[in-house]
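Nothing in this text is a laboratory measurement; each read-out follows from the coordinates by a stated rule. Just so you know, these numbers come straight off a predicted model, no measurement behind them. Heads up, the Cβs are rebuilt from the backbone with ideal geometry, glycines too, and the neighbour counts pull from every protein chain shown.
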Amino acid sequence: MKPGILVAGGIAVALLAGLPLAAQPPAPVWKWDYPRIAATVDQVRAGRDLTPTSWPGGGRVAVALSFDMDAETGFLRSGSLTAQPLSRGEYGPRVGVPRILGMLEKHRVPATFFIPAVSGQLHPEAVDAILKSPLKHEIGVHGWVHERLTDLSPAEERDLTRRAFDFWTKRLGRKPAGIRTPSWDFTSETLSIIRELGFLYDSSLMGDDRPYEILAQGKPTGLIELPVEWILDDFTYYSYDRPSSAYHRMSDSDVFEIYRGEFDKAYEEGTLFLLTMHPFVTGHRSRLAALERLVVHMRSKRGVWFATHEQVARAAIR
């Protein structure tokens, strides 16, 4: 088509710009009809609250600490292939994990480690240390190489998730109970993949503070969600982006106060306190000291049940 010929809507824009039809941008959401909006929202939603009347041992609140041992994979998937950024990732399993494991053992706190399969292969000694702990820490699936799910085709997402699942099944000697998708991404295919693989729970969504059942097109799935939140993620407060020289560094005391405020309210409500951390972030000395201060605070309360994510999920479905 030559410029000057009128065609209705976005097709004209695409053709006049010399773009194939497949490349034209989707219509903005304010041009959608309500059924299309509702269908999009209803793909994956929060269902019934699964908080039990009381947690095991008569616990008032469940505390689920998690550590995403991304190691080098977060930098690899972003194209940061030189030694400096990769060494930041290496710090996590090399220094952060042993330091974290020592603190957890000191205070008798089990935790869950979500680990990309490639990170597990690059750092078998860190995986061994986690598995050998007398606290019986959990390891969950966290993608193959911390891939961006939204950049993948459905076939690629299914293949990489299956490969990660198979790797951890062999490494652990049993099927992993849970998954946390890389970067908490969720595509239109993610839920069906998780269900096909038979996971007990997911920990990637943000529909509540409490454990809940995931709905698909309004129907219960039986899959448990242990929700995450950016204000309960250490990277939010300690992130550093070298290309833009952006360093969003809060004081350790300020981070502690946010975490404590979230825990205290969860304790009051009798629900769940779930914290997401990274060994290459919280594994540094001053930051681990702030986390230990939080653990001591939580230990000072009666009825606090420290558990892995799998233990929380199983308690939620009793």
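Assorted remarks:
- Ordered by the number of other Cβ atoms lying within 10 Å of each residue's own Cβ, fewest first, Met298, Met103 fall into the sequence Met103, Met298.
- Packing, as the average of other Cβ atoms within 10 Å across residues, places the peptides 75-86, 161-172 in the order 161-172, 75-86, highest first.
- When only Cα pairs below 8 angstrom with a gap of at least 6 residues are kept, segment 49-316 shows a relative contact order of 30 percent.
- Residue order, fewest to most beta carbons within 10 Å, for Val312, Val29, Val95: Val29, Val95, Val312
- Taking the C-alpha atoms of segment 193-318, convex hull volume expressed per residue in Å³: 142 Å³
- Solvent-free Debye calculation, one equal scatterer per alpha-carbon of segment 94-165: log10 I(q)/I(0) at 0.28 Å⁻¹ equals -1.24.
- R0 of 35 Å, Cβ-Cβ distance Thr53-Ser133: FRET efficiency to nearest 0.05: 0.70
- Computed over the chain with a Gaussian network model linking Cα atoms closer than 10 Å, the most mobile of Val296, Val97, Val63 is Val296.
- When Trp184, Trp55, Trp30 are sorted by how many other C-beta atoms sit within 10 angstrom of their C-beta, beginning with the fewest, the order is Trp30, Trp184, Trp55.
- Choice from Ala46, Ala290, Ala27 with maximal GNM fluctuation in the chain (Cα, 10 Å cutoff): Ala27
- Considering all C-alpha pairs of the chain, those separated by over 38 Å amount to 19%.
- Highest-MSF residue in the chain out of Pro26, Pro176, Pro35 [GNM, Cα springs under 10 Å]: Pro26
- Charges were assigned to the Cβ only: +1 to each Lys and Arg, -1 to each Asp and Glu. The resulting dipole of segment 49-316 about its Cα centre is roughly 960 debye.
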